[in-house]
1. What's the percent breakdown of Cα-Cα distances in the range 62-192 across 10 Å bins, shortest bin first?
2. Give me the number: length gained by fully extending residue 157 to residue 9, i.e. 0.36 nm times residue separation minus the C-alpha to C-alpha distance, one decimal in nm.
3. Run the numbers for residue 91 and residue 47: contour at 0.36 nm per residue of separation, minus the present Cα-Cα distance, in nm.
4. Using amide H atoms built 1.01 Å from N in the peptide plane, name the residues 5+ places from residue 78, or on other chains, whose amide H lies under 5 Å from its own.
5. Assuming R0 = 25 Å, can you tell me the calculated FRET efficiency for the pair residue 122 and residue 179, based on Cβ-Cβ distance, to the nearest 0.05?
6. Would you mind giving the average projected area, over all directions, of the Cα convex hull of the range 48-89 in nm² with one decimal?
7. Report the FRET efficiency, 1/(1 + (r/R0)^6), for residue 77 and residue 166, where r is their Cβ-Cβ distance and R0 is 41 Å, rounded to 0.05.
8. Return the Cα extents of the range 67-130 along principal axes one, two and three, sorted largest first, each rounded to a whole Å.
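Just so it is clear, none of the values below were taken in a lab; they were calculated from the coordinates. As the structure is a computational prediction, the values presented were derived from the model and not from experiment. With ideal geometry, Cβ positions are generated from the backbone for all residues, glycine too; neighbour counts draw on all protein chains shown.
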Amino acid sequence: MEKNKKFGVILMIAVLLVGVYFIFFYDKKNNKNEQATKQEKISNADRIAKELADKYQATIGWEGDITYTLQAQEKLITGKPTLFKGYVDDIFTRDGKTFIRFSSSYINNYFDYVLELECNRSVVDTILAQKKDDRTFAYLFNTYIIVANIQEVSKTTFALKGSALSEDDVEINIESSGLFTAKGTCVDIAYIAED
């Protein structure tokens, strides 16, 4: 019996040590690998953005500290291309021209914007072909780097915000909006793979 108790204690200590190893060392090793992979993806997105910005001499880093339409107009209506990041919200035609509506990326920390850009058919075909390859719900959040010439910026005056009070009752509030709409022409886009 004494031998069985000693063996049981030694076995429990060994299991505990193996568990501690996996918790502290193996998990950290996996986290480092995941962080390296994430860093590679971030670097790839940054590389694509830099290549497009260099190619078209596009304005970058304009996003910070915009509260009023005037500030957005001064930063975006410059006569030269501007670099944006967003996802495709809609593709439509108006007056015989094709437009793509991009919404600001869901990870945008600065402010919300919508780009309504006149685009040539090759850009539209690129987006439509990419969406056909991915039949999952995730394609709705496919992120693009967009280079555009902006001619007009406006800000939506009001926004409707709703909150559920109960299963059958919803409260809708009219609030001031922070959504900017920029209109112009699409110069180029590049797809960025996201998780």
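1. Over the range 62-192, the share of Cα pairs per 10 Å bin runs 12, 38, 31, 16, 3, 0 percent.
2. Details: separation 148, 0.36 × 148 = 53.28 nm, distance 7.08 nm.
Gain on extension, residue 157 to residue 9, equals 46.2 nm.
3. Separation in residues times 0.36 nm, less the Cα-Cα distance, equals 13.1 nm.
4. Residues meeting the criterion, in which the H sits 1.01 Å from N, are 150.
5. Values: r = 29 Å, r/R0 = 1.16.
FRET efficiency, residue 122 to residue 179: 0.30.
6. Details: hull surface 14.7 nm².
Over every viewing direction, the Cα hull of the range 48-89 projects on average to 3.7 nm².
7. Numbers: r = 46 Å, r/R0 = 1.13.
Calculated transfer efficiency: 0.35.
8. Its Cα atoms span 35, 27, 19 Å along the three principal axes.
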